[in-house]
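K.L.:
A single structure is presented below for examination.
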Amino acid sequence: QVQVVESGGGLVQPGGSLRLSCAASGFTVSSYVMSWYRQAPGKERLFVAAIFSTGSTNYADSVKGRFTISRGNAKNTVTLQMNSLKPEDTAVYYCRAAGGSTYYWGQGTQVTVSS
């Protein structure tokens, strides 16, 4: 059964860091395009970062230089290291696996940046 499960969200002060994890089962993360998206209350879900099967990465302009996406092949996970967090980073963060025309979404993890 294909599944992606996010973890690592929480409450952090502005300027702080969080590390999100996406655990995959039923497929190999290195064979899929693995992405993070986020959705703030009342807003649409937006792209944050992606890592491709080649290992290349792509980021939204709003997080470049602050967020890093990486892949842990041994544990079949994808992580999102988030540094220098801002209140506007507050959202539910979702992991997505894309393979061809098939997409798998996780249930999301809440990230709140507030003092």
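The values are calculated or read from the model by the stated rules, or taken from the named source; none is laboratory data. Just so it is clear, the model here is predicted, and its values are computed rather than measured. Please note: Cβ atoms are built from the backbone with ideal geometry, for glycine as well, and neighbour counts cover all protein chains shown. What goes into the accessible areas is simple: the full protein's heavy atoms, side chains included, and nothing from ligands, DNA or RNA. Shrake-Rupley method; radii C 1.70, N 1.55, O 1.52, S 1.80 Å.
K.L.:
Name the pairs: first residue in segment 102-115 and on the phi > 0 side of the Ramachandran plot, second residue surrounded by 11 or more Cβ atoms within 10 Å (Cβ to Cβ) and in a strand (DSSP E or B), Cβ to Cβ under 8 Å, at least 6 apart or on different chains?
P.N.:
Listed pairs, sorted by first residue: Gly108/Glu6; Gly108/Gln39; Gly108/Val92; Gly108/Tyr93; Gly108/Tyr94.
K.L.:
Being touching a helix residue (DSSP H, G or I) at 6+ places or on another chain (Cβ under 7 Å) and either polar (S, T, N, Q) or surrounded by 14 or more Cβ atoms within 10 Å (Cβ to Cβ) (or both), is that true of even one residue in segment 59-66? Don't jump to the end; show me each part of the working.
P.N.:
Let us first name the residues in segment 59-66 that are touching a helix residue (DSSP H, G or I) at 6+ places or on another chain (Cβ under 7 Å), namely none.
The answer is no; no qualifying residue exists.
K.L.:
For Phe27, which of the numbered conditions (1) more than 13 Å from the chain's Cα centre (by Cα); (2) assigned to a loop (DSSP other than H, G, I, E, B); (3) on the phi < 0 side of the Ramachandran plot; (4) loosely packed, with under 12 Cβ neighbours inside 10 Å fails to hold?
P.N.:
So the condition that Phe27 fails would be (4).
K.L.:
Which of the residues that make up segment 73-96 are closer than 16 Å to Ala24 by Cα and either touching a helix residue (DSSP H, G or I) at 6+ places or on another chain (Cβ under 8 Å) or open to solvent by 70 Å² or more (accessible area, probe 1.4 Å) (or both)? Reasoning before the result, please.
P.N.:
Residues of segment 73-96 that are closer than 16 Å to Ala24 by Cα, as a first pass: 73-80, 93-96.
Answer for segment 73-96, where residues must be closer than 16 Å to Ala24 by Cα and either touching a helix residue (DSSP H, G or I) at 6+ places or on another chain (Cβ under 8 Å) or open to solvent by 70 Å² or more (accessible area, probe 1.4 Å) (or both): Asn73, Ala74, Lys75, Asn76, Thr77, Val78.
K.L.:
Consider segment 41-59. How many of its residues are closer than 14 Å to Gln81 by Cα and either hydrophobic (A, V, I, L, M, F, W, C) or outside any strand (DSSP E or B) (or both)?
P.N.:
Final tally of qualifying residues: 4.
K.L.:
Now for a different question. Does Gly99 fit the bill of being open to solvent by 30 Å² or more (accessible area, probe 1.4 Å) and not basic (Lys, Arg)? Working first, answer last.
P.N.:
Working: open to solvent by 30 Å² or more (accessible area, probe 1.4 Å): no; not basic (Lys, Arg): yes.
Against the criterion (open to solvent by 30 Å² or more (accessible area, probe 1.4 Å) and not basic (Lys, Arg)), Gly99 does not qualify.
K.L.:
Right, here's the next one. Please verify whether Arg38 is open to solvent by 70 Å² or more (accessible area, probe 1.4 Å), in a strand (DSSP E or B), touching a residue at least 24 places away in the same chain (Cβ under 8 Å) and within 14 Å of Val111 (Cα to Cα), treating the condition exactly as stated. Give the steps one after another, and end with the answer.
P.N.:
Working: open to solvent by 70 Å² or more (accessible area, probe 1.4 Å): no; in a strand (DSSP E or B): yes; touching a residue at least 24 places away in the same chain (Cβ under 8 Å): yes; within 14 Å of Val111 (Cα to Cα): yes.
Taking the combined requirement at face value, the residue does not satisfy it.
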